[in-house]
Every structure is written in structure tokens, then in C-alpha cells.
Amino acid sequence: MTIYIIERYFSFNRIILLAIGLWPYEQSTFAQLQMVVILGILISFDAFQLSRLLFVECTFDFTLKMLSISLLFTFYVIKYMSCWVNIETIRYLLEQLQHIYNGLKDKNEIAIYEKYGNTAKRFTVNIIIVEISIMVFGFVMEIWPYIFDVIMPKNETYARHLIILISKYYSIEEKYYYLIFLHLNAAHAVGSLILIAVGAIMLSYIKYICGMFRIASYRLERAMTTNNTLQNSLKNEFVIYKEIIYAIDIHRKAIECAEYIVSNFEKSYVFIIATNVLCVSLNLYRVSQIESPMKEKEETLSHFFITLFILLYMFIANYAGQEIIDDNNHVFFTAYNIPWYLAPLHIQKLILFLLQRNSKAFTLNFHGLLIASLECFASLASASVSYFTIMYSVQG
């Protein structure tokens, strides 16, 4: 019986991608309308924030304050548009993963593939739960003044403080507060949904690629079992050759899938990284400029959580790249540790040729500027702090 991995392992990805109009198998007129509405919400709010620089006396502090928030929504827009442009890439990768799954015959290989599929599905579910929890918490924090006005009324409403805060932050008249407040929450909710949907599908692809590397390791181990290597018959040599070829084949397919992702998303990824680094720097600067963090706790927490959110995103993205590096290296560690010395000489030469490929590590390399890894995350975090230090010293 044929098992369709989309139905079994990508069901939650399908739901959230449908919610933002990016499920590649259902590109109806309604989906196109969804895309226009979502981009309209994000771009219009971003444009509103930047427009304040034209209509308000533009000081250095106010400019950085507007940019610190607008860059977050710019990040949402770039993320969404990159996935929109590459919607056929999403479809192609899903079909490739299904094709590879259909080609697996060994029950242990199928178990490995399904293990990584289940891991990807659990991650998708967990990230949905966490993001919904954060959004609910944020919503409750925003409406608590109105709740207190009902259960503990007083002369001056609790909501008055929030109205003054938003109006002062964006330098708008109080009568526009509700419009801006609604627009802000709609844009943030849409942006969060985009990150969940796009991030989950991309990380699921990475997990499957890691699973393919593990299958390659398993095939190498199976090729060099004691029975095959000790019995130097022509039949066993043929079995060893076949298993090594199969191992190299799925290893090549894993690399091709990873390179396909990089080639289609590398331009947007570079822009995203640049936006994220600058966003972290500006929000760190805003936190440092708040004179009384306890009195202005809403603004302090807003900038703090944006910083934490972006850093977490960069960490997860680079950790996925690190997993690719580690699982690819595991293939060559396996080739080195198997009892190759018991095999015939010409098979030993074949394995030696395979080991030589490890001299050039495979990575998710974006334009030669960034290599997704934990080391890259540390460098980006360090760069963000450095830019923050420069801005702080200039202002000082």
C-alpha cells in the first residue's frame, strides 16, 4: 500500500500554509486574494510606521524607534514574498520527498525515514502550540486594562494608560488609537502565522534531508557486514558494490535537495539575515535608551521580546544548518569506521575515494557570505551587539 507523506507527515503544514494562501496544490483565486490581503496588511502597517518619519519632527532617537519595529514587519514581508515567489519549489520538494520514500524497500530504511518524518511533524505541532500560546498571552496582556475597567472600575480607566502609550509612541492623535491598535495586532498576527508556516515547512525539509543522510550511513554499514567482507566471493563483492552505490545515490539526492533549497532561497535569506541583525541592534538600543524601565515596562518588554524572538529565529535556522553538517559528516564517519580493511582491495579503493569527498564539507552556503551553523549564529549575534555598541557610542 502506498503511503503519502503529505497526508501523514505534512497535514499540519498544509493547514497553516492554506491559512496564508501558500499551499502549492491549491492555488485558487481565493488563495491569490489571501496573498494580496496578507501583503496589504503587512506592507500598509510598515508604510505607516515609516511615514511617521515624514510627518513628525525626525530626531535620531525617533527614527531608530520607528525602524526598530518596522524592521520586524519588513522581515515578515520578505519571508512571505520569498515563499510566494518559490511556491513551485515547495511543491517540487514535496514531490521529491515522496519519490524518495516510494523508492525505499528495506524496512529499516523506511523506519529511519518515518522517524525523521515524525520528528518534523512533532516539531510543527510544537511550534504551532508555542506560537499560539505567545499570541494568546500577548492578546491577554493588551486587553487586561479593559478587563480591569469592568471588574475594578475607577475614575480614570486602565485603558487610558495604553491609549496614551500608543499615541505617544507613534506621535498620533488619540482618536486614531483604535485604528492603529487594530492594524498593529492584525499585522503581527499575520506575520507570526507566516513564520510558523514557512519556518515549519523549511525545517521539515531539513529533517528529511538529515534522514536521507542517515539512510546513506545505514547502507554503508549494511554493505560492509562481516558476512559480506569475510566471504570474498564474486556474489558478495557484487552485493557490496550495490549497497555502496545505493548509499552514494541517496547521499547525492540529499545534497541535491539541500542545494535546491539554497539556490532558490539564498537571495531572500541574505536580506532576512541583514534585516534581523539590524532589528536586534536597534531593539537593544531602544531598551538601553529607556530611562525608567519599570515605569515604561510595556515598551521595555516589547523591545526585549522582539530581540529575543529574532535571536531565537536565527538560532533555530542556523541549528538546522548545523544538523545538515553533522549528519553529512556522520556518513563519512561511518565509511571510516566500517570494516573496510576486510574487503577486497578494489572495494577499499572505492571507499577511499568516498572518504576523500569529506575533505570538502557540505554546508548550506548562501552566496559564500553565510554558512548556516551554530558558529554563524554566534557571529550574527556578535555583529548585532557590535552595531548596538556603535549606535550607543554615537548617541552618547
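For the chain, the share of accessible area belonging to carbon and sulfur comes to 66 percent (1.4 Å probe, ligands and nucleic acids excluded). For the chain, excluding the exposed loop sites themselves (trypsin sites (Lys or Arg not before Pro), DSSP loop, at most 15 other Cβ atoms within 10 Å), the longest remaining stretch covers 155-294. Farthest toward the positive end of the dipole of the chain, out of H346, T275, A258, is the Cα of H346, where the dipole comes from beta carbon charges about the Cα centre.
Mind checking the full-extension length gain between V394 and S379? Use 0.36 nm per residue of separation minus the Cα-Cα distance, one decimal, nm.
Contour length minus Cα-Cα distance gives 3.1 nm.
For the stretch 4-394, what is the charge dipole size about the Cα centre, in debye to the nearest 20, if Lys and Arg each add +1 at the Cβ and Asp and Glu each add -1 at the Cβ?
My answer is approximately 880 debye.
Restricting the GluC sites (Glu not before Pro) of the stretch 44-145 to loop positions (DSSP other than H, G, I, E, B) with no more than 13 neighbouring Cβ atoms within 10 Å leaves E57.
Modelled spin-label separation between L345 and V125, with each label point placed 7 Å from Cα along the Cα-to-Cβ direction: 5.6 nm.
Dipole of the chain computed with +1 at Lys/Arg Cβ and -1 at Asp/Glu Cβ about the Cα centre; of G21, Q289, L71, farthest Cα towards the positive end is G21.
Let's test the formula: R0 of 56 Å, r as the Cβ-Cβ distance of F139 and I245. What FRET efficiency results, to the nearest 0.05? FRET efficiency, F139 to I245: 0.50.
With a 1.4 Å probe rolled over the protein heavy atoms of all chains, the accessible area of H188, H99 falls in the order H99, H188, largest first. Mean residue ellipticity, 222 nm, helices only, the chain: the sum of -39500 (n - 2.57) across DSSP H runs of n ≥ 4, divided by residue count and rounded to 500, is -29000 deg cm²/dmol. Compared with the direct C-alpha span, the chain from F271 to A189 gains 27.3 nm at full extension, assuming 0.36 nm per residue. Axis of helix 177-223 versus longest Cα principal axis of the chain: the two differ by about 10°, to the nearest ten degrees. If you plug the beta carbon distance of T59 and K297 into 1/(1 + (r/R0)^6) with R0 = 22 Å, you get a FRET efficiency near 0.40. Phi-derived couplings, Karplus 6.51 cos²θ - 1.76 cosθ + 1.60 at θ = phi - 60°, listed residue by residue for the stretch 92-105: 4, 5, 4, 5, 5, 4, 5, 4, 5, 4, 5, x, 7, 10 Hz, with x used for Gly and Pro.
With the highest mean first, a sort of the peptides 374-384, 270-280, 191-201, 327-337 on other beta-carbon atoms found within 10 angstrom per residue produces 191-201, 270-280, 327-337, 374-384. Helix 234-289 and the longest principal axis of the C-alpha atoms of the chain enclose an angle of approximately 10°. For the stretch 184-208 and the stretch 364-381, what is the centre-to-centre distance using only Cα atoms, to the nearest Å? Answer, in whole Å: 21. Rolling a 1.4 Å probe across the protein heavy atoms gives the stretch 4-394 an accessible surface of 51 Å² per residue.
The values are calculated or read from the model by the stated rules, or taken from the named source; none is laboratory data. Given the structure is predicted, the values throughout are model-derived calculations rather than measurements. Backbone-built Cβ (ideal geometry, glycine too); neighbour counts: all protein chains shown. Note: areas computed on protein heavy atoms with side chains; ligands, DNA, RNA excluded. Shrake-Rupley method; radii C 1.70, N 1.55, O 1.52, S 1.80 Å.
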